[in-house]
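A short write-up of the structure that comes next.
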């Protein structure tokens, strides 16, 4: 159970219902209490798990994360200062501890991002990437 993710869901639902101030207050509380940035404007799929209550996780305002993903702590999923596009993660993606997914990249379904990897290019479905910068080290069997 991840309280930070539950608070994100609550603030997202309130935002969709056009409640004016409460989503922002919940976002701020979560940011202070859990040291995580899960903006209610981001799209995070169902059953996504944030390890260690999402400690240190930073997600861009407009990032898209699929369903059934697992995100380790200290992960950054964000854009670049000169580009408005943001990362899009597919379904069932595993993001290791400390990984950084930066810029307008697309991560395919069932991909695995290794710990402390820096992803700046697209990752195909069923691939395992690791390193700085991240490179494909193996394809998972489908």
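Name the residue that is farthest from residue 23 (Cα to Cα), counting only residues in segment 61-81 that are under 8 Å from the mean Cα position of the chain (by Cα) and in a loop (DSSP other than H, G, I, E, B). Outline the logic, then answer.
Within segment 61-81, the subset under 8 Å from the mean Cα position of the chain (by Cα) is 63-65, 71, 75-77.
Next, from what is left, pick out any that are in a loop (DSSP other than H, G, I, E, B): 63, 75.
Numbers: 63: 17, 75: 23 Å.
The extreme case among them is 75.
A residue that is touching a strand residue (DSSP E or B) at 6+ places or on another chain (Cβ under 6 Å) and either part of a helix (DSSP H, G or I) or in contact (Cβ under 8 Å) with a residue 40 or more places away in the chain (or both) occurs nowhere in segment 82-92.
Do we find that residue 29 is surrounded by fewer than 18 Cβ atoms within 10 Å (Cβ to Cβ) and more than 27 Å from residue 125 (Cβ to Cβ) in this structure? Yes; evaluated as a whole, the condition is true for this residue.
Within segment 32-51, track down each residue that is farther than 13 Å from residue 74 by Cα, surrounded by fewer than 20 Cβ atoms within 10 Å (Cβ to Cβ) and without any contact (Cβ under 8 Å) to a residue 40 or more places away in the chain. Selection gives 32, 33, 41, 42, 43, 46, 47.
Inside segment 10-22, residues that are touching a residue at least 12 places away in the same chain (Cβ under 8 Å) and either within 23 Å of residue 88 (Cα to Cα) or surrounded by fewer than 14 Cβ atoms within 10 Å (Cβ to Cβ) (or both) make up a count of 4.
Put simply, of 106, 100 the only residue that is surrounded by fewer than 17 Cβ atoms within 10 Å (Cβ to Cβ) and under 22 Å from residue 134 (Cβ atoms) is 106.
Scanning segment 93-119 for residues that are free of Cβ contacts under 8 Å to residues at least 24 places away in the same chain and either on the phi > 0 side of the Ramachandran plot or outside any strand (DSSP E or B) (or both) returns 105, 108, 111, 114, 116, 117.
Each value in this text was obtained by applying a stated rule to the coordinates, not by laboratory testing. Not measured: the values here are computed from a predicted model. Note: ideal-geometry Cβ built from the backbone for every residue, glycine included; neighbour counts use all protein chains shown.
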